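Enquirer: Quick one: the structure is below, questions incoming.
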Amino acid sequence: MRIVKIETIRHTALPNSLWVQIHSDDGHIGLGETFYLPGAVEAVIHDVIVGFVLGRSQYETESIWDQVFSYCNFFGYAGAEMRALSAIDIALWDLAGQSAGQPIYNLLGGKVRDGIPIYNTCVDTEAHQDQAAFLERPGALAKELISQGIRAMKIWPWDRFAPMMKTTGAFGPAGQSAMGPSGSFLTSRDLESGLSIVKAIRDATGSDMEIAIEGHSRWDLNCAIRIARALEPYNVLWMEDMMKPDSVTDLARLAHETRVPQSVSERLFTRYGFREVLEARAAHIIMPDLIWTGGITEGRKISILADSFHLPIAPHDCTGLVTIFANLHVCAVSTNAMILETVRGFYRGWYQSVYTENVMIENGYASFPVAPGLGTQLKPEFLTDAHTSSRISGPS
C-alpha cells in the first residue's frame, strides 16, 4: 500500500480553510485539514512535502513527520510549514486507520474513556448569535445552553476594550477593524463592565455553568493580572491567552500571581514550545491545536508530556470538523484529556453541508467515532461544487 496522489481543496465560502486528501493505491483516501493562510500552506504541501510523502506507506507517520520537520527547520518551521505538516499527518493517520480497519484511537493504544465533555465557544454564526448573546444577555444564553445539555461556555468579555486599528486594505477591506497592539491600560469602568457579564452568568446559573475566559492575547502582563484578580471570586474554569504566549517567564508570572487557572496555548507549535511552558510552570491547562501544532503524531506527544507534569489537555478548535475528529482520537487515548472545544453554530450549521459524518454530542458529551480511520470525509457534492477548487500532485 503506497501513497500515489496528494490533493489540496479550497472553497470560496470558507476562505481560511484548506483540506488535504491523500490517495493510496488500495483506493483509500485520507482526509486532513488546516486553517489560516491556505494559499501559503497549499504551496508548502505541493512544493515541499509531496517529495517526502509520494510513494511512501501510510503507516510511516513518524518517519514522514520527522523528515519534513527536520527539512523545514532549515528556514523556520513554525508557520505555514507546520500547518501543512499537521494536515498531512492527520490524513496519513486517517489512511492508516482505514487500511487497518480500525479507528485511529485503536492504533494509538485504545480508548481510556467512553466520551469527553464539551464546551461551547460563543462565536456568532448563522445558526446561533452566541457572541452577541453573551455580551447582551449572558444569563439567558447560559440558561439556554444548559437546557441543551451544555454546561461549559467560553466568552471574551474584555476584547472590546483592547486597542483596535483600521486596515489599509492589504489584508481586507480598507477601514475594517482589526486587532491592534496589546492593551496596556484597562479602566476600572471597563474592567467592571467585562466582569458584569461573568457575574450575570453566575447569578443566572450558580455553579451549574463552567465559564472559560478567552483573551485572544489582547493584553499585557499588568492588565492580564488585573483581570485575573477581578475574576478570582467567580470560580472560572480558566483564563486563556490573556497575553501573547511568547515569553514563558511572563506567563509564569501570570500563573503565579493569581489563583485563576491559566490555559496555554493554541498558538504554540510542537512539543518543544509546550515543553518550555511546562518546565517554567507557566500553565495549568495545556491547549494544543492539532491542525497547527503538528497533527495527531505531535498532539499525542504533547498530551503525554503534559501528563508527565500532572496537567490536563483541552484541545483547541474553532475551525473545522476534521480538527474535532482528530481531537477526539487523541482525547480517547489520553488519561489527562479534560474537555473538548466545540461551536454549536458550526456542528448545527456548515459542517452538515461539508462532511459526511458530524460530531455526535449528547447531554454535554461528545462520543468517539467508531468507523475506521478518522471517521468523516468530505461530501461528494461539496467536492463537485462549482466553488470548490483543487490542486493535485501525482497522477491526476
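Enquirer: Among the numbered conditions (1) within 28 Å of E298 (Cβ to Cβ); (2) of a type in the set (D, E, K, R); (3) surrounded by 19 or more Cβ atoms within 10 Å (Cβ to Cβ), tell me where R202 comes up short.
Expert: Checking R202 against (1) within 28 Å of E298 (Cβ to Cβ); (2) of a type in the set (D, E, K, R); (3) surrounded by 19 or more Cβ atoms within 10 Å (Cβ to Cβ), the one that fails is (1).
Enquirer: Follow-up question, since we're still on this one. Looking at segment 67-88, is at least one residue aliphatic (A, V, I, L, M) and at pLDDT below 95? Even if it seems obvious, please write down each step before you answer.
Expert: Let us first name the residues in segment 67-88 that are aliphatic (A, V, I, L, M), namely 68, 78, 80, 82, 84-85, 87-88.
Those left that are additionally at pLDDT below 95: 78.
Yes, the conditions are met somewhere in segment 67-88.
Enquirer: Just to be sure I understand, how many residues within segment 23-43 are over 21 Å from G375 (Cα atoms) and either assigned to a loop (DSSP other than H, G, I, E, B) or among the basic types (K, R) (or both)?
Expert: Total satisfying the criteria: 2.
Enquirer: While we're on this one: For A100, only one of the following conditions fails: (1) farther than 30 Å from D26 by Cα; (2) out of contact with any Asp or Glu (no Cβ under 8 Å at 6 or more places or on another chain). What is its number?
Expert: (1)
Enquirer: If you scan segment 356-396, which residues turn out to be assigned to a strand (DSSP E or B) and out of contact with any Phe, Trp or Tyr (no Cβ under 8 Å at 6 or more places or on another chain)? Outline the logic, then answer.
Expert: Of the residues in segment 356-396, the ones assigned to a strand (DSSP E or B) are 361-362, 365-367, 373, 378, 388-393.
If the condition is that a residue be assigned to a strand (DSSP E or B) and out of contact with any Phe, Trp or Tyr (no Cβ under 8 Å at 6 or more places or on another chain), then E362, Y365, A366, S367, S389, S390, R391, I392, S393 are the ones that fit.
Enquirer: I need the full set of residues from segment 55-106 which are closer than 16 Å to R2 by Cα, among the small types (G, A, S) and more than 19 Å from the chain's Cα centre (by Cα), in order please.
Expert: Within segment 55-106, G55, S57, S63, A96, G97, S99, A100 meet the criteria.
Enquirer: Pick from T376, T319, T356: which is of a type in the set (V, I, T) and over 19 Å from the mean Cα position of the chain (by Cα)?
Expert: T356
Enquirer: Exactly one of (1) touching a His at 6+ places or on another chain (Cβ under 6 Å); (2) farther than 26 Å from L141 by Cα is unmet by Q262. Its number?
Expert: With (1) touching a His at 6+ places or on another chain (Cβ under 6 Å); (2) farther than 26 Å from L141 by Cα applied to Q262, the lone miss is (2).
Enquirer: Give segment 50-94 a look and list any residue that's among the acidic types (D, E) and closer than 20 Å to G394 by Cβ, or say none.
Expert: Listed by number, the residues that qualify are E60, D89, D94.
Enquirer: Contact list please: Cβ distance under 7 Å, first residue in segment 101-125 and acidic (D, E), second residue buried (at least 21 other Cβ atoms within 10 Å of the Cβ), pairs at least six apart or on different chains.
Expert: That search, which allows pairs on different chains as well, returns D124/D130.
Enquirer: Okay, next question. Given V48, V4, V20, which one is at pLDDT 95 or above and not in a strand (DSSP E or B)?
Expert: V48
Enquirer: Hey, another quick one. For segment 129-150, name all the residues that are under 20 Å from the mean Cα position of the chain (by Cα) and surrounded by 19 or more Cβ atoms within 10 Å (Cβ to Cβ).
Expert: Answer for segment 129-150, where residues must be under 20 Å from the mean Cα position of the chain (by Cα) and surrounded by 19 or more Cβ atoms within 10 Å (Cβ to Cβ): D130, I150.
Enquirer: From N336, N327, which residue is surrounded by 24 or more Cβ atoms within 10 Å (Cβ to Cβ), assigned by TED's automatic domain parsing to the domain that holds V248, touching a strand residue (DSSP E or B) at 6+ places or on another chain (Cβ under 9 Å) and polar (S, T, N, Q)? Lay out the reasoning, then the answer.
Expert: Numbers: N336 fails: surrounded by 24 or more Cβ atoms within 10 Å (Cβ to Cβ).
When all the criteria are applied, what remains is N327.
Enquirer: Is there a residue being under 25 Å from Q131 (Cβ atoms) and surrounded by 21 or more Cβ atoms within 10 Å (Cβ to Cβ) anywhere in segment 292-304?
Expert: yes
Enquirer: Among the listed residues G345, G349, G375, G364, identify the single one that is in contact with a Lys or Arg (Cβ under 8 Å, 6 or more places away or on another chain) and either surrounded by 21 or more Cβ atoms within 10 Å (Cβ to Cβ) or not charged (D, E, K, R) (or both). I'd like the intermediate steps shown before the answer.
Expert: Working: G345 fails: in contact with a Lys or Arg (Cβ under 8 Å, 6 or more places away or on another chain); G349 fails: in contact with a Lys or Arg (Cβ under 8 Å, 6 or more places away or on another chain); G375 fails: in contact with a Lys or Arg (Cβ under 8 Å, 6 or more places away or on another chain).
Among G345, G349, G375, G364, only G364 is in contact with a Lys or Arg (Cβ under 8 Å, 6 or more places away or on another chain) and either surrounded by 21 or more Cβ atoms within 10 Å (Cβ to Cβ) or not charged (D, E, K, R) (or both).
Enquirer: Filter segment 263-277 down to the residues that are hydrophobic (A, V, I, L, M, F, W, C), crowded, with 24+ Cβ neighbours inside 10 Å and over 15 Å from D250 (Cβ atoms) and list them by number.
Expert: Result: F274, single match.
Enquirer: For segment 75-170, give me every one of the helices (runs of 4 or more DSSP H) that falls completely inside it and has 1 or more residues that are closer than 21 Å to N235 by Cα and among the charged types (D, E, K, R).
Expert: 138-147
Enquirer: Sticking with this structure for a sec: Could you tell me whether segment 314-335 includes any residue that is without any contact (Cβ under 8 Å) to a residue 40 or more places away in the chain, among the acidic types (D, E) and in contact with a Gly (Cβ under 7 Å, 6 or more places away or on another chain)?
Expert: Within segment 314-335, the subset without any contact (Cβ under 8 Å) to a residue 40 or more places away in the chain is 315, 317, 327.
Keeping just the survivors that are among the acidic types (D, E) gives 317.
If we keep only those that are in contact with a Gly (Cβ under 7 Å, 6 or more places away or on another chain) as well, we get none.
The answer is no; no qualifying residue exists.
The values are calculated or read from the model by the stated rules, or taken from the named source; none is laboratory data. For clarity, every value in this text was computed on a predicted model and none was experimentally measured. Backbone-built Cβ (ideal geometry, glycine too); neighbour counts: all protein chains shown.
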